[in-house]
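Below is one structure, written out as structure tokens; the observations come after it.
The values are calculated or read from the model by the stated rules, or taken from the named source; none is laboratory data. Everything quoted here is computed from the prediction, not taken from an experiment. Cβ placement follows ideal geometry from the backbone for every residue including glycine, while neighbour counts extend to all protein chains displayed. Note: accessible area is taken over every heavy atom of the protein model, side chains too, but ligands, DNA and RNA are not part of it. Shrake-Rupley method; radii C 1.70, N 1.55, O 1.52, S 1.80 Å.
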Amino acid sequence: MGKFIIFTEKEVNVAIREIIPTKDIYKNGRHDTAKIIIGNKYYGMITLPSLSDEKFGESRTKITIKQLGLTSIQYNEFVKGIMSKKEYNRILSCK
């Protein structure tokens, strides 16, 4: 796994909600979860971090990268807003 950037929980949460077509967001205590569905195909669940300004830790970042189906470099682009919805959908569709 390549080098990933440590973002805040809020940055990761906002990126996920803006790019991923999440369905059925469930309120599960501290962190919400959502289904990742593209073109009627289910790709798994994602745990959404809180909207705090705390750093999103390394172990949680690794789990989120896996849930998103991305590499570390792709994850950095995803959270920075460089990756478009269309590009993310294409990456997932190839899996």
Which listed residue, of Tyr43, Tyr75, is at pLDDT below 95 and of a type outside the set (D, E, K, R): Tyr43
Breaking point among (1) of a type outside the set (Asp, Glu); (2) more than 23 Å from Ser84 (Cβ to Cβ); (3) within 10 Å of the chain's Cα centre (by Cα), for Gly69: (2)
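May I ask you to say which residue of Glu54, Glu58 is of a type in the set (Asp, Glu), within 12 Å of Phe4 (Cβ to Cβ), open to solvent by 90 Å² or more (accessible area, probe 1.4 Å) and in contact (Cβ under 8 Å) with a residue 40 or more places away in the chain?
Numbers: Glu54 fails: within 12 Å of Phe4 (Cβ to Cβ).
Glu58 is the lone residue from the list that is of a type in the set (Asp, Glu), within 12 Å of Phe4 (Cβ to Cβ), open to solvent by 90 Å² or more (accessible area, probe 1.4 Å) and in contact (Cβ under 8 Å) with a residue 40 or more places away in the chain.
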The listed residue being open to solvent by 40 Å² or more (accessible area, probe 1.4 Å) and either under 12 Å from the mean Cα position of the chain (by Cα) or among the polar types (S, T, N, Q) (or both), out of Asn28, Asn13, Asn76: Asn28
Residue that is surrounded by the fewest Cβ atoms within 10 Å (Cβ to Cβ), among those in segment 31-46 that are under 18 Å from Gln74 (Cβ atoms) and not aromatic (Phe, Trp, Tyr): Gly44
